[in-house]
Number of protein chains: 2
Amino acid sequence: MSMRELALARVYQLIEPGPVVLLTTARNGRANVMTMSWHMMVEFEPPLVACIVSDADYSFATLRATKECVIAIPAVHLAPKIVNVGNCSGRDVAKFEKFGLTPLPAKRVAAPLIAECFANLECKVADSRLVNTRNLFVLEVLKAWIDPKQRNPKTIHHHGYGKFVVDGEAIKLKSRMR
Amino acid sequence: MSMRELALARVYQLIEPGPVVLLTTARNGRANVMTMSWHMMVEFEPPLVACIVSDADYSFATLRATKECVIAIPAVHLAPKIVNVGNCSGRDVAKFEKFGLTPLPAKRVAAPLIAECFANLECKVADSRLVNTRNLFVLEVLKAWIDPKQRNPKTIHHHGYGKFVVDGEAIKLKSRMR
């Protein structure tokens, strides 16, 4: 595996900018993947990430039951696959095979990493108090991986109905904020 | 006021992409503003937005007590002000005056809109079950405003320590996702 481990203290730098991500789950040896962009950081370290997984999504029951998932972050070259993954359900389709995504074994969870993504976060559910009423999961990131071969990956941000904005120029300002 | 009302069903298109935003609060006639980028959509309509406001932030106690705020979304030309707002606390500084931000009266909440921002969302706290343990507020957006004079505003996304990525090109893909 070409992934390199990333310090947990740096995970927020991946999630805070708001990229469209993929979420993988697995149960009984069968893996699934969905597209997600309703997520946010909750705590720096150990890194906590909140996300919404609708109870209409096939992944919902698996995530609730197994309490494990992987958040995989794709760069813009994967945009067509990201949309294809979001346009169908794991109820009907074996999405890894159909869309040519490569599952890699994770270290701490049964859900797979995605080889094509530049970052992968192994997560367990840390707080499920808002799951039943809000579909809101709080995840703890147990292990984080980046692909050092994908340098300066550009992510995409969803504006609704298939409009995505790609990362543009980077600017640096004198901030006291972490 | 030059702001035009925006349909509540379209609020998610502003929050889902993950922009750095400003959060205003008010108590006893005194308004404050902070910089925030830990937020996500929770529901389309009525629009619910979750956010993390640290209990170390001066805004925390006001938000918890008044249960009201405004999420104001700045475009990239405001980047230096956004950082200045984040670099100090309302405990010490009257930030609207100091940084030349113009408060406008909201319709449904005491917290002010920010005239310079291209979008303003009037919010009330809808769920505070995770406030004490996670600093996580679920807000309902009661009213949304956009400034029609700011066309195609580019937002900024925080990658940590004052590095921001500006919105780049937009792409359109055939998505069944809302």
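The values are calculated or read from the model by the stated rules, or taken from the named source; none is laboratory data. Please read these numbers as outputs of a predicted model, since none were measured by experiment. Positions of Cβ are generated from backbone atoms using ideal geometry, with glycine treated the same way; all protein chains shown enter the neighbour counts. Remember, those area values only see protein heavy atoms, side chains included, never the ligands or the DNA or RNA. Shrake-Rupley method; radii C 1.70, N 1.55, O 1.52, S 1.80 Å.
Tabulated data for the structure shown
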read-out: Looking only at the stretch A:146-178, and only at residues there that are without any contact (Cβ under 8 Å) to a residue 24 or more places away in the chain and hydrophobic (A, V, I, L, M, F, W, C), the one that is surrounded by the most Cβ atoms within 10 Å (Cβ to Cβ); value: A:Val165
read-out: Qualifying strands (runs of 3 or more DSSP E) (wholly inside the stretch B:133-178; at least 2 residues being among the small types (Gly, Ala, Ser)); value: B:163-172
read-out: Output for the stretch B:14-53, where each listed residue is more than 28 Å from B:Val93 (Cα to Cα) and touching a Lys or Arg at 6+ places or on another chain (Cβ under 8 Å); value: B:Val42, B:Glu43, B:Phe44, B:Leu48
read-out: Residue list for the stretch A:117-145, restricted to those being open to solvent by 30 Å² or more (accessible area, probe 1.4 Å) and farther than 18 Å from A:Thr25 by Cα; value: A:Arg129, A:Asn132, A:Thr133, A:Arg134
read-out: Qualifying residue in the stretch B:114-127 (condition: at pLDDT 95 or above and either at the interface with chain A (Cβ under 7 Å from one of its Cβ atoms) or over 17 Å from the mean Cα position of the chain (by Cα) (or both)); value: yes
read-out: Residues being more than 20 Å from A:Ser175 (Cα to Cα) and in contact with a helix residue (DSSP H, G or I) (Cβ under 8 Å, 6 or more places away or on another chain) - total across the stretch B:7-49; value: 14
read-out: Output for the stretch B:21-49, where each listed residue is within 14 Å of chain A (Cβ to nearest Cβ) and of a type outside the set (A, V, I, L, M, F, W, C); value: B:Thr35, B:Ser37, B:His39, B:Glu43, B:Glu45, B:Pro46, B:Pro47
read-out: Pairs where the first residue, in the stretch A:98-110, is more than 23 Å from A:Asn84 (Cβ to Cβ) and the second is basic (Lys, Arg), C-beta under 6 Å, 6+ apart; value: A:Lys107/A:Lys143; A:Arg108/A:Lys143
read-out: Residue match in the stretch A:95-112 (condition: within 20 Å of A:Ile156 (Cβ to Cβ), touching a Leu at 6+ places or on another chain (Cβ under 7 Å) and not basic (Lys, Arg)); value: no
read-out: Which listed residue is within 14 Å of another protein chain (Cβ to nearest Cβ), of a type in the set (S, T, N, Q) and without any contact (Cβ under 8 Å) to a residue 12 or more places away in the chain, from A:Asn135, A:Asn87; value: A:Asn87
read-out: B:Ala79 within 12 Å of another protein chain (Cβ to nearest Cβ), hydrophobic (A, V, I, L, M, F, W, C), touching a residue at least 12 places away in the same chain (Cβ under 8 Å) and over 19 Å from B:Glu122 (Cβ atoms); value: yes
